[in-house]
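Written below as structure tokens is the structure these notes are about.
The values are calculated or read from the model by the stated rules, or taken from the named source; none is laboratory data. Note that the structure is predicted; figures quoted are calculated from it, not measured. Positions of Cβ are generated from backbone atoms using ideal geometry, with glycine treated the same way; all protein chains shown enter the neighbour counts. Please note that ligands, DNA and RNA were not included when accessible areas were found on the heavy atoms of the full protein model with its side chains. Shrake-Rupley method; radii C 1.70, N 1.55, O 1.52, S 1.80 Å.
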Amino acid sequence: MGILEGKVALVTGAGSGFGRAMSLLYAQEGAKVLVTDIAAESGEETADMIEKKGGKAVFIKSDVSKPEDCEKAVKEAVKAFGQLNVAFNNAGIGGANAPIGEYPIEDWDKVIKINLSSVFYGMHYQIPQMLENGGGVIVNMSSILGQVGFAGSCAYVAAKHGVVGLTKNVALEYGSRNIRANAVGPGFVETHLTDKLTHDREKYDFLVAKHPMCRLGKVDEIVDLVLWLSSDRASFCNGGYYPVDGGYLAK
């Protein structure tokens, strides 16, 4: 029996990267999964992968920058599976690369909406439903850049810092009502967001050198922590920020 047997999990940005890997792992551990992504084809593929492995999953197309889509995701999870116990608010984008004085306003707005406002929107609707179930667990995807700056990425840095702050507030506001929330802070990991860097060896080597382990992380090295935080094994973990960064923040 898996450690999430009988649970229902909602995953945003589930069509690739962390979201897909986490959806598959949740299902492997016994959860029924509401898969959401703005990219319908890849999101449906994730749900199909779960079903082919004998799990239960439903996909809905969702734009996390829209509150109504975040509300719909929660309603669909309940419609399909009867409840909501776990939410992994993962969807995000990288954004432009420019100093603050030159950073495009439209890019700032887009990154903040997708990387920060979406986490608020998601939890705004997830929490009331979890309270109806008697409690629940939320894991929010932050970053090492939720703790430190990174030149040229002001919107991403601001959003990921904000995610950590929102997570702490959930712990303060709902800890006594059996809802836990924690944030995960990966270092630079080999995903679709960093794939393009493999064609620019100078930038790739620059990022590798930022990590004392002298390599980028791998998706599987992150999702195991998310699974643990999502389970009862982490029952006293609340309001925390958990870096998985190959030593990046130790410098």
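I'd like to check one number: the per residue accessible area of the chain, probe 1.4 Å, reported in Å² as a whole number.
On the way: 11860 Å² over 251 residues.
Heavy-atom accessible area per residue stands at 47 Å².
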Can you list the trypsin sites (Lys or Arg not before Pro) in the range 1-82 that are in a DSSP coil and have 14 or fewer other beta carbons within 10 angstrom?
-> K53
Angle, helix 219-230 long axis vs. longest principal axis of the chain, Cα atoms, 0 to 90°, nearest 10?
-> 40
Sort I144, I112, I38 by accessible area with a 1.4 Å probe, largest first.
-> I38, I112, I144
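Assuming R0 = 22 Å, can you tell me the calculated FRET efficiency for the pair E132 and S176, based on Cβ-Cβ distance, to the nearest 0.05?
Numbers: r = 16 Å, r/R0 = 0.75.
So the FRET efficiency works out to roughly 0.85.
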Can you give me the relative contact order of the chain as a percent, contacts being Cα pairs under 8 Å and 6 or more apart?
-> 18
Label-to-label distance, nm, for residues given as L249 and D63 (7 Å Cα→Cβ offset) = 3.3
Non-local amide H neighbours of V189 (under 5 Å, H modeled in plane, Pro and chain starts lacking H): which ones?
-> G217
Distant-in-sequence amide H partners of Y242 (H built 1.01 Å from N, under 5 Å) | A183, V184, G185
Compute the acute angle (0 to 90°) between the alpha-carbon long axis of helix 17-28 and the principal axis of greatest extent of the alpha-carbon atoms of the chain; round to the nearest 10°.
-> 30
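In percent, how large is the relative contact order of the range 155-251, given Cα pairs closer than 8 Å and 6 or more residues apart?
Values: 108 pairs, mean separation 39.1, N = 97.
RCO, the range 155-251: 40 percent.
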Relative to the longest principal axis of the chain, what angle (0 to 90°, nearest 10) does the C-alpha long axis of helix 40-52 take?
-> 50
Spin-label model distance (nm) - E106 vs M1, 7 Å beyond Cα toward Cβ = 5.4
With x for Gly and Pro, the residue-by-residue ³J(HN,Hα) of the range 31-37, computed from phi through the Karplus equation 6.51 cos²θ - 1.76 cosθ + 1.60 at θ = phi - 60° and given in whole Hz, is 7, 8, 10, 8, 8, 10, 6
Part-to-part distance (alpha-carbon centres) for the range 65-86 and the range 157-183, which is given in Å = 19
Once phi is turned into ³J(HN,Hα) by the Karplus curve 6.51 cos²θ - 1.76 cosθ + 1.60 with θ = phi - 60°, what whole-Hz value does each residue of the range 234-251 show in order, with x for glycine and proline?
-> 10, 5, 10, 9, 8, x, x, 10, 10, x, 10, 9, x, x, 3, 7, 6, 6
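Protein chains only, probe 1.4 Å: how do L207, L225 rank by accessible area, largest first?
Numbers: L207 10, L225 35 Å².
So the residues, ranked largest to smallest area, are L225, L207.
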Taking the range 79-134 as the region of interest, what is the percent of Cα-Cα pairs per 5 angstrom bin, listed from the shortest bin to the one with the maximum distance?
-> 4, 17, 20, 17, 12, 10, 8, 6, 4, 2
List the residues whose amide H sits under 5 Å from the amide H of G136, counting only those 5 or more places along or on another chain, with H placed 1.01 Å from N in the peptide plane.
-> I179, R180
